[in-house]
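Asks: Starting off with a structure, shown below.
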Amino acid sequence: MASSPKLNSKIPEGTIENKWTKYRSTVHLVNPANKRSLEILVVGSGLAGASAAASLAEMGYKVKVFCFQDSPRRAHSIAAQGGVNAAKNYQNDGDSVYRLFYDTIKGGDYRAREANVHRLAEVSGNIIDQCVAQGVPFAREYGGTLSNRSFGGTQVQRTFYAAGQTGQQLLLGAYSALQRQVGMGAVKLLARHEMMEVVTIDGKARGIIARDLVSGKLERHFGHAVLLCTGGYGNVFYLSTNAMGSIVTAAWKAHKKGAFFGNPCYTQIHPTCIPVSGDHQSKLTLMSESLRNDGRIWVPKKKDDNRKAIDIPEEERDYYLERRYPAFGNLVPRDVASRAAKERCDAGYGVGTSKMAVYLDFAANTERYGKIEATKHNLHNPSKADIIKLGKEVVKEKYGNLFDMYKQITGEDPYEVPMRIYPAVHYTMGGLWVDYNLQTTVEGLYALGEANFSDHGANRLGASALMQGLADGYFVIPYTIGDYLSEEIRTKAIPTDNEAFVKAEKDVQDRIDKLFAIKGSKSVDHFHKRLGKIMWDKCGMARNKEGLTSAITEIQQLKAEFWKDVRVTGEANEFNPELEKAHRVADFIELGELMCKDALHRNESCGGHFREEFQTAEGEALRDDDNFAYVAAWEYKGDSSFELHKEELKFENIKLAQRNYA
Amino acid sequence: MSHGNMNLTLKVWKQKNKDSKGKFETYDAKGISPDMSFLEMFDVVNEQLISSGKEPIAFDHDCREGICGMCSMYINGRPHGPKQGVTTCQLHMRSFKDGDVIVVEPWRSAAFPVIKDLAVDRSSFDRIMAAGGFVSVNTGNAKDANNILIPKPDADEAFEAAACIGCGACVAACKNASAMLFVSAKVSQLALLPQGKIEARERVLNMVAQMDEEGFGNCTNTGACEAECPKSISLENIARMNREYLVSNALSKK
Ligand SMILES: Cc1cc2nc3c(=O)[nH]c(=O)nc-3n(C[C@H](O)[C@H](O)[C@H](O)COP(=O)(O)OP(=O)(O)OC[C@H]3O[C@@H](n4cnc5c(N)ncnc54)[C@H](O)[C@@H]3O)c2cc1C
Ligand code: SF4
Ligand code: FES
């Protein structure tokens, strides 16, 4: 298979270890005087956007940052819990850049680009250095050094963390760096602004149309380059662990303006989330993967066992992950753990009232920690109650905020009874296709962080999204953007009365008018919920040809109905959350169709993409490397029409193999 | 569509924009389940309003799990409602009784103008951060992370201060509309760490100057902020900031 001529991944020559080093020392630079006249628009202020904007401003570029929340500090990255990976080998447990590279390629089920992943592993250590220098309060040992924990899909401890609030602390670090540049006048901040359209002139991205969400006014902004750092689109499923604003709008507008969409169907379903409890629910809550360090997952051995968890004796419990995957046990990758939970529940072994849940149980480790503490405190012959009490204190220090959150939502105390958990939509590996420079198929238009099709292949390992977002923003884009901007130093700022800006703004205005004109009978949420249900049932944890085929028809019908019957209240020129949602859901509907088409065309199972027709006798994902070792990059060809382009994935350093965690 | 069996009366502040005058409107919230979050209860009410052709209630929210700091409602006279240590999005309807009347208002402070209904403008917090809430280190200048050793108790204390979500409840709770708890949390976090110590003096002076410029009130140590803070940010931070400020101010006048 050869890659499509429309996809030039621009992977540098040289051995995998040398590509990035060599690239960095040969890439074109922009001199400081020229930087001052080059303007960069950064859409999104999460880890990717804030780190990119701060770094580019420090380098001397003129930067504008857009986000739809009221402050850049509220980007969805703030919600990340468990940790961030880096190949520091501080634990002396055999970690290395190569091992992180290898784990990520394997974890992604061999569907990621080797050169990008290696670069990610190389810069991972710098991220921790940078964050510590900014004052990010990572967890520490008594000796004052940084502490680590384990995440899934690895056998080393390389995850750095700040209790269950790692994303918060990393984002506040990047946000501080950003605000410093704002204070110095190097960055102009436009919060409560939503990007509605990309403006292209002669095939290059030259700006955006943004809506001021307070006044409702449309604004034109010019940039020599546009960076989309707009996060993932998990909310296409309506229910997910994502914030309400994890939307596809920016990426989708870019897609319609020529940016190819990579692997849209690759969705991560996270195994440990609080189960759905009723139809009022607006979101699902994650219980961090770090809990799998200390929690054991089980279901009763007997079907429809209605006893309470504590009344089920040890020998009647099925620790199915430990049974099926002894080498990795509870720490298998997410896709594997999620499918295993679904398998047990579908087979009738689920727990709780809905029977769609499994137990995550901390009792064994609470006791183990209690014993260690008792020994540390020189307590001889401590009672069981004392041990449990001491153990609970340790568990509290490690996961206190997560346990509190669980209790608040479910009304049950996880210190006393095991948590009930079930998989939920969590992350989208798919996104805008980018080359090695993080540039999309539109010149001057870049995608960073979760918004790009990413280094995670068909399944992301835990604690790797924070790593990737910060790698892209702090350490990759500052170099790779020079490759493009060094050619742009003669381009003067284009006045925004240019016809391309006028036309783009008019398109947005027309769409707003159209939405208001419908005056239908159903709310935006009504359509969103219906879309979510189609996606979850037919393009979720398990997919098949029949379901996907019918999903495509259903989504097309839903789209027609939306444009006939949606009701958008309020006015255009005011703060109007209903109007915001209407735009976003309209884009989700179109994306949903493409996701199903992508899932349907990929006649194999890999990572998070599980096609029931393609599995091993043990129920594991069965890849087809001869026919599908490629990135599917879709080109928009007009209403409901997409053309597939393939980027061949070459594995020159890691041998393709069936994943094995047993 | 019915979800549960609680019926409530809401009195909600409605205000078209920052220049218009607002007033309370009364709404029925029917069929509410105790498992809903406060915001999910609003979703239900809004859905009913939309289907009867009325304007929904505008409010800010995003993560809905207590970490982004976006949600901001003054519920029955208390920021984030009756429960200690939680944000509005984490407040569940089981904290209320069938038949309750619930009064909901936006944050009230001159430094937080109302945008619409319950949504307010908190950009003043961003400007305070831009004045000094950082360590001046450019990307690429860092040395190996473990070269900076930090005693665990200091790291833990810094982390606790850093847990502030920037929601503004402290300001809303304070009769003087003081932002001291928010500002002191950042000042403390950075002052507790060797990385932040170097600029500690300038930081506190600059952040406090910006805070005053934004129109926040003075702190008279009533402690209302700590009591209402959803992240239990401690008053000790204010004490630490006051010490930092006095020393820095004295030194800067020399
Ligand atoms: C609950 C949860 C826990 C997680 N825990 C971990 C973890 O422990 N470790 C880990 O590695 N990863 C974790 N992840 C994943 C990780 O948090 C995200 O993948 C990552 O933070 C995404 O960062 P980002 O910068 O790409 O985008 P985001 O942080 O999502 O930021 C997107 C930004 O884009 C802006 N935006 C979007 N569209 C527009 C538009 N049209 N106009 C203007 N602005 C726009 C938003 O305002 C926002 O500022 C977790 C995810 C969730 C949901
Ligand atoms: S100190 Fe507490 S109340 Fe004030 S902004 Fe921070 S988290 Fe909110
Ligand atoms: S919505 Fe994020 S804290 Fe409430």
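The values are calculated or read from the model by the stated rules, or taken from the named source; none is laboratory data. For clarity, every value in this text was computed on a predicted model and none was experimentally measured. Don't worry about glycine lacking a Cβ; one is built from the backbone with ideal geometry, like all the others, and counts go over all protein chains shown. For the accessible areas, the whole protein counts, side chains as well, though only heavy atoms, and no ligand, DNA or RNA atoms are used. Shrake-Rupley method; radii C 1.70, N 1.55, O 1.52, S 1.80 Å.
Asks: I want to confirm something. Restricting to the stretch A:596-611 and keeping residues that are assigned to a loop (DSSP other than H, G, I, E, B) and touching a helix residue (DSSP H, G or I) at 6+ places or on another chain (Cβ under 9 Å), which single residue is surrounded by the fewest Cβ atoms within 10 Å (Cβ to Cβ)?
Replies: A:ASN603
Asks: What about A:TYR233, is it surrounded by 24 or more Cβ atoms within 10 Å (Cβ to Cβ), more than 14 Å from chain B (Cβ to nearest Cβ) and hydroxyl-bearing (Ser, Thr, Tyr)?
Replies: Yes.
Asks: OK, next. Please find, within the stretch B:62-93, the residue that is farthest from ligand 3 (Cβ to nearest atom) out of those that are more than 10 Å from every other protein chain (Cβ to nearest Cβ), open to solvent by 10 Å² or more (accessible area, probe 1.4 Å) and at pLDDT 95 or above.
Replies: Within the stretch B:62-93, the match that is farthest from ligand 3 (Cβ to nearest atom) is B:GLY77.
Asks: Now for a separate question. Within 12 Å of B:LEU91 (Cα to Cα), in contact with a Cys (Cβ under 8 Å, 6 or more places away or on another chain) and more than 7 Å from chain A (Cβ to nearest Cβ), is that true of B:PHE59?
Replies: No; evaluated as a whole, the condition is false for this residue.
Asks: Would it be correct to say that B:ALA209 is away from ligand 3 (no atom under 16 Å from the Cβ), surrounded by fewer than 14 Cβ atoms within 10 Å (Cβ to Cβ), of a type in the set (Gly, Ala, Ser) and free of Cβ contacts under 8 Å to residues at least 40 places away in the same chain?
Replies: Criteria not met by B:ALA209.
Asks: Can I ask one more? When both residues are 6+ apart or on different chains and their Cβ atoms are under 9 Å apart, which pairs have a first residue that lies in the stretch A:404-420 and is in a strand (DSSP E or B), and a second that is among the acidic types (Asp, Glu) and open to solvent by 40 Å² or more (accessible area, probe 1.4 Å)?
Replies: Listed by first residue and then by second, the contacts come to A:MET419/A:GLU412; A:ARG420/A:GLU412.
Asks: Got a number for residues in the stretch B:126-160 being assigned to a helix (DSSP H, G or I), open to solvent by 30 Å² or more (accessible area, probe 1.4 Å) and not charged (D, E, K, R)?
Replies: Residues that pass the stated criteria total 4.
Asks: Then there's this: Looking at A:GLU322, A:GLU289, which one is more than 14 Å from every other protein chain (Cβ to nearest Cβ), at pLDDT below 95 and either open to solvent by 40 Å² or more (accessible area, probe 1.4 Å) or in contact with a Gly (Cβ under 8 Å, 6 or more places away or on another chain) (or both)?
Replies: So the residue among A:GLU322, A:GLU289 that is more than 14 Å from every other protein chain (Cβ to nearest Cβ), at pLDDT below 95 and either open to solvent by 40 Å² or more (accessible area, probe 1.4 Å) or in contact with a Gly (Cβ under 8 Å, 6 or more places away or on another chain) (or both) is A:GLU289.
Asks: Just the residues that are within 10 Å of chain B (Cβ to nearest Cβ), open to solvent by 20 Å² or more (accessible area, probe 1.4 Å) and under 30 Å from A:GLU397 (Cβ atoms), please, taken from the stretch A:140-193.
Replies: Within the stretch A:140-193, A:GLU141, A:TYR142, A:GLY143, A:THR145, A:ALA163, A:GLN165 qualify.
Asks: Residues in the stretch B:163-184 that are within 16 Å of ligand 3 (Cβ to nearest atom) and without any contact (Cβ under 8 Å) to a residue 60 or more places away in the chain: how many?
Replies: Residues in the stretch B:163-184 being within 16 Å of ligand 3 (Cβ to nearest atom) and without any contact (Cβ under 8 Å) to a residue 60 or more places away in the chain: 1 in total.
Asks: Here is a further query. Are there any pairs with C-beta distances below 6 angstrom linking a residue in the stretch A:350-370 that is among the aliphatic types (A, V, I, L, M) to a residue that is assigned to a helix (DSSP H, G or I), with the two at least 6 apart or on different chains, and if so which?
Replies: As it stands, the answer is A:MET356/A:CYS345; A:VAL358/A:ALA341, since those pairs meet every condition given.
Asks: Is it true that A:PHE101 is within 11 Å of ligand 1 (Cβ to nearest atom), over 20 Å from B:ASP154 (Cα atoms) and more than 9 Å from chain B (Cβ to nearest Cβ)?
Replies: Spelling it out, it is not the case that A:PHE101 is within 11 Å of ligand 1 (Cβ to nearest atom), over 20 Å from B:ASP154 (Cα atoms) and more than 9 Å from chain B (Cβ to nearest Cβ).
Asks: Taking the stretch B:151-179 only, how many residues are more than 12 Å from chain A (Cβ to nearest Cβ) and near ligand 2 (Cβ under 9 Å from one of its atoms)?
Replies: Summing the residues that are more than 12 Å from chain A (Cβ to nearest Cβ) and near ligand 2 (Cβ under 9 Å from one of its atoms) in the stretch B:151-179 gives 6.
Asks: Also: Could you tell me how many of the residues in the stretch A:460-506 are away from ligand 1 (no atom under 14 Å from the Cβ), among the aliphatic types (A, V, I, L, M) and open to solvent by 20 Å² or more (accessible area, probe 1.4 Å)?
Replies: 5
Asks: Further, regarding this structure: Do we have any residue at all in the stretch A:250-257 that's under 29 Å from A:GLY482 (Cα atoms), outside the structural domain of A:PHE403 (by TED's automatic domain parsing) and surrounded by fewer than 22 Cβ atoms within 10 Å (Cβ to Cβ)?
Replies: yes
Asks: Given the conditions (1) assigned to a helix (DSSP H, G or I); (2) within 14 Å of another protein chain (Cβ to nearest Cβ); (3) open to solvent by 50 Å² or more (accessible area, probe 1.4 Å), which single one is not true for A:GLN91?
Replies: Condition (1) is where A:GLN91 drops out.
Asks: Across the stretch A:630-662, what is the number of residues that are aliphatic (A, V, I, L, M) and touching a strand residue (DSSP E or B) at 6+ places or on another chain (Cβ under 7 Å)?
Replies: Residues flagged as aliphatic (A, V, I, L, M) and touching a strand residue (DSSP E or B) at 6+ places or on another chain (Cβ under 7 Å) within the stretch A:630-662 amount to 5.
Asks: Another question about this same structure. Could you please find all residues in the stretch A:635-656 being under 17 Å from A:CYS596 (Cβ atoms), open to solvent by 50 Å² or more (accessible area, probe 1.4 Å) and free of Cβ contacts under 8 Å to residues at least 24 places away in the same chain?
Replies: Scanning the stretch A:635-656 gives A:LYS637, A:ASP639, A:GLU643.
Asks: Yes or no: the stretch B:16-35 includes at least one residue that is within 15 Å of ligand 3 (Cβ to nearest atom), under 27 Å from A:ALA79 (Cα atoms) and more than 8 Å from chain A (Cβ to nearest Cβ).
Replies: Within the stretch B:16-35 (the criterion being within 15 Å of ligand 3 (Cβ to nearest atom), under 27 Å from A:ALA79 (Cα atoms) and more than 8 Å from chain A (Cβ to nearest Cβ)), the answer is no, since none of the residues qualifies.
Asks: Within the stretch A:177-271, considering only strands (runs of 3 or more DSSP E) that don't extend past its boundaries, which have at least 3 residues that are within 30 Å of B:PHE134 (Cα to Cα) and within 16 Å of ligand 3 (Cβ to nearest atom)?
Replies: Hits in the stretch A:177-271: none.
Asks: Out of A:ARG490, A:ARG460, report the one residue that is away from ligand 2 (no atom under 16 Å from the Cβ) and without any contact (Cβ under 8 Å) to a residue 12 or more places away in the chain.
Replies: A:ARG490
Asks: When the stretch A:441-477 is examined, which residues are found to be away from every other protein chain (no Cβ under 14 Å) and of a type in the set (D, E, K, R)?
Replies: A:GLU443, A:GLU450, A:ASP455, A:ARG460
Asks: Here's a follow-up. Any idea which residue in the stretch A:238-249 is farthest from ligand 1 (Cβ to nearest atom), counting only those that are touching a strand residue (DSSP E or B) at 6+ places or on another chain (Cβ under 8 Å) and either under 24 Å from A:LEU402 (Cα atoms) or within 12 Å of another protein chain (Cβ to nearest Cβ) (or both)?
Replies: A:LEU239
Asks: Still on this structure, I have one more. Within the stretch A:573-583, how many residues turn out to be within 20 Å of A:GLN557 (Cα to Cα) and within 13 Å of chain B (Cβ to nearest Cβ)?
Replies: Adding up the residues that qualify gives 2.
Asks: Taking the stated definitions as given, is B:LYS11 open to solvent by 50 Å² or more (accessible area, probe 1.4 Å), away from ligand 1 (no atom under 16 Å from the Cβ), not hydrophobic (A, V, I, L, M, F, W, C) and not in a strand (DSSP E or B)?
Replies: When the stated conditions are applied, B:LYS11 does not pass them.
Asks: Ok, one more. Among helices (runs of 4 or more DSSP H) lying entirely in the stretch A:1-64, which contain 2 or more residues that are among the aliphatic types (A, V, I, L, M) and open to solvent by less than 30 Å² (accessible area, probe 1.4 Å)?
Replies: Where helices (runs of 4 or more DSSP H) fall fully within the stretch A:1-64 and carry at least 2 residues being among the aliphatic types (A, V, I, L, M) and open to solvent by less than 30 Å² (accessible area, probe 1.4 Å), they are A:47-59.
Asks: Has the stretch B:187-201 got at least one residue that is open to solvent by 30 Å² or more (accessible area, probe 1.4 Å) and of a type in the set (Lys, Arg)?
Replies: yes
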